[in-house]
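The block underneath contains the structure these notes are about, expressed in structure tokens.
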Amino acid sequence: MIKIMMGEKGSGKTKVLIDMVNSAVTTEKGKVVCINKGNRFMYDLDHAVRLVDTAQFNIKNLDIFLGFIEGIISQDYDVTHIFIDSVLKIAPGSMEEAEKFLAGLEQISSEFDINFTLTISGSADSATEGVKKYFIAY
């Protein structure tokens, strides 16, 4: 399952995401991973969350980012939920490229039974229908 929160900067997406991550640690049966560019969540997240700082890696586009996520999964067989903050800041791309990325996440989600929750900064009006179908209210 994929869920997306999309809104302008300052709309509260990250705060909601942090709360969701910390809640997931108590409800998920496997490991919870949070991917972010930078380590600003270090003190906000439960110590059981695996925090991945993408600033240390050369992620140039969404295809590379998808491979990066697959690498995380291959390292840890019992990951059940991956949270990603500001997907398009980690790996720049267009909304059309984001659709392709989401199709890849959908395949991973089905194959490995992993849930994904993401945030995207920007106007929800700029999203394509293929991205909007994953929107959740926050």
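The values are calculated or read from the model by the stated rules, or taken from the named source; none is laboratory data. Since this is a predicted model, take the numbers as computed values, not measurements. Cβ placement follows ideal geometry from the backbone for every residue including glycine, while neighbour counts extend to all protein chains displayed. Heavy atoms of the whole protein, side chains included, go into the accessibility calculation; ligands, DNA and RNA do not. Shrake-Rupley method; radii C 1.70, N 1.55, O 1.52, S 1.80 Å.
Among the residues of region 113-130, the one identified as at pLDDT below 95, within 16 Å of the chain's Cα centre (by Cα) and closer than 26 Å to ILE73 by Cβ is SER121. Scanning region 29-40 for residues that are farther than 20 Å from LYS89 by Cβ and open to solvent by 50 Å² or more (accessible area, probe 1.4 Å) yields LYS29, LYS31.
Here is a yes/no grid of residues against (1) loosely packed, with under 14 Cβ neighbours inside 10 Å; (2) under 18 Å from LEU105 (Cβ atoms); (3) over 14 Å from the mean Cα position of the chain (by Cα):
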position	(1), (2), (3)
LEU17	no, yes, no
VAL25	no, no, yes
MET42	yes, no, yes
ASP46	no, no, yes
GLY71	yes, yes, yes
GLN75	yes, yes, yes
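Please specify each residue of region 80-138 satisfying the condition of being hydroxyl-bearing (Ser, Thr, Tyr), assigned to a helix (DSSP H, G or I) and open to solvent by 60 Å² or more (accessible area, probe 1.4 Å). Result: SER110, SER126. Within region 39-46, none of the residues are under 16 Å from PHE116 (Cβ atoms) and either in contact with a strand residue (DSSP E or B) (Cβ under 7 Å, 6 or more places away or on another chain) or touching a residue at least 24 places away in the same chain (Cβ under 8 Å) (or both).
On inspection, PHE57 qualifies as of a type outside the set (S, T, N, Q) and farther than 15 Å from PHE116 by Cα. Scanning region 58-68 for residues that are touching a helix residue (DSSP H, G or I) at 6+ places or on another chain (Cβ under 7 Å) and either open to solvent by 70 Å² or more (accessible area, probe 1.4 Å) or closer than 25 Å to GLY30 by Cα (or both) turns up PHE65, LEU66. For region 46-68, indicate whether the set of residues that are within 23 Å of TYR138 (Cα to Cα), of a type outside the set (Lys, Arg) and in contact with a Gly (Cβ under 8 Å, 6 or more places away or on another chain) is non-empty. No - not one qualifying residue is present in region 46-68.
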